[in-house]
Protein chains: 2
Amino acid sequence: MQDSTSPDATTIKYRKGSSASEVCEGLRRRILTLELRPGEPLDETQISRSFGVSRSPVREAINRLGAERLVVTLPNRGAVVAPIDLMGFPHFMAALDLQQRFATRLAARHRTTADLDRIEVRAAEFNAAVRAFEPMDMLQANYDFHIAVGEAGHNPYVARQYGELLSDARRYLHIHIEFLIQTEGRSLLRDQHDDFVSAIRARDVEEADRVAHRHSLQFEERFLRALRHMPDPNFRIEADTAEGDTP
Amino acid sequence: MQDSTSPDATTIKYRKGSSASEVCEGLRRRILTLELRPGEPLDETQISRSFGVSRSPVREAINRLGAERLVVTLPNRGAVVAPIDLMGFPHFMAALDLQQRFATRLAARHRTTADLDRIEVRAAEFNAAVRAFEPMDMLQANYDFHIAVGEAGHNPYVARQYGELLSDARRYLHIHIEFLIQTEGRSLLRDQHDDFVSAIRARDVEEADRVAHRHSLQFEERFLRALRHMPDPNFRIEADTAEGDTP
DNA sequence: AATAATTTTTTTGAATGCAAGATGCATACA
DNA sequence: TGTATGCATCTTGCATTCAAAAAAATTATT
């Protein structure tokens, strides 16, 4: 109403039942791209103004994102973008590796021709983004690729849980992709997914498992290496633990 | 008709910030115990009356439960208790087995003495419920036991995803526990979890894996056997799938 | 001046109001 | 008799309003 600089303070009325989804997807995109930084507080009123809706759909959107663990809500003190918990990275990697191996195994076992087509399209898009040197596109395409693999397994439970972890992985990747590009150039990132496609195309379950595991290890190794060498940590180290962990 | 026994249509005012949680937990309990049957529609107004609050916190609660996949929301047509998808049971079992094995492995590897204590308490509670022949208590204790195992692994990602699957497992179990008790008596259900405890106490990771896998297989086998022999299916077979199925 | 207490402001949580979409029934028509 | 159409009612989704809790600011007290 009064905010002319807001990104989409359009006066067009969404169709009934779409406002909350609109806000949810908008916020999710900004969270996954780190446009909204981890730990950043989310002001309901401000968001509602920026989307041109009332607080109700914003509230609903934040709730949904909270269930996805993309935001954490503090009782009576609003919500913040879920901090990236560096201390919990090993835990995350353990969970991701497990799901990634299993999801890729399932994809190799149960994929249809249509699934394989979709996966190959995603892989091509990823390679295109790499050739174009577009970090943001690479992250999106990488995410889409693995989502497609997850769906090719035709197990909704696995696809969903794998997808949730991929959201977090995307944010971890976002943190160090610039570093990766600077240090490794395009060589190491090119054709990342071709061995995935090969194994899935050949329906080679064991090879799919190995590929997925190798991918996890590579991701972990690169992230930790980036952490060590990153001169400018433009992210906050969140030392607080979500749950009682005492290591 | 189900609201003649409104659990807490009291006029006591919850403290601010607790209404939605109260409704959420109340609904969750009734969903997990099948007091609210799969596929049953959830009327916001009715629920709000039965809890003595307005529709806002009910809406929030339903959203949260939707994120837990305990209810599914149909656009502009409200929400229903998540149907139990019998066609998807094999998919569910695949996901559960994976997480159960991994979660139990982690518990054997990383459990503290306090964790082991908690697990043993839960196991004792379960055995007590079995001896008392109380099906509802058995379900609750079984759920609590496996949740405790999940938490003993000290990996929040795994504990969370395992816990989500355990909610579904609890509903599947609810369907056929009466049958199990009738056909197998107390012999087969007693000391179900003692081998879990042994492996976790001994920190024997491989044995924990085997125990967890055996448990999964036993659960699957019993459920399928119950399905074949159940003379009175007091549940609705929901053939429709939540996503992408032509209605 | 520093700190504690109190008031003011801001922000969240819940209640209410209102309009869009859906459901059901009655009636009209083939 | 079966099917289509229009109206009435209900439910949901969003907006608005109200109240409680936390944050900020001001005043008071030592």
* To do: Identify, from the list B:H154, B:H146, the residue that is more than 14 Å from chain A (Cβ to nearest Cβ), at pLDDT 95 or above and either closer than 28 Å to A:T104 by Cβ or touching a His at 6+ places or on another chain (Cβ under 8 Å) (or both).
  => B:H146
* **Residue in segment A:25-69 that is nearest to DNA strand D (Cβ to nearest atom), counting only those that are polar (S, T, N, Q) and under 22 Å from B:L65 (Cβ atoms)** => A:S56
* Which number in (1) away from DNA strand C (no atom under 11 Å from the Cβ); (2) closer than 23 Å to B:P57 by Cβ; (3) not in a helix (DSSP H, G or I) marks the one condition that A:A20 misses? -> (3)
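The values are calculated or read from the model by the stated rules, or taken from the named source; none is laboratory data. Remember, it's a predicted structure, so these values are computed and weren't measured experimentally. Virtual Cβ from ideal backbone geometry, glycine too; neighbours counted across all protein chains shown.
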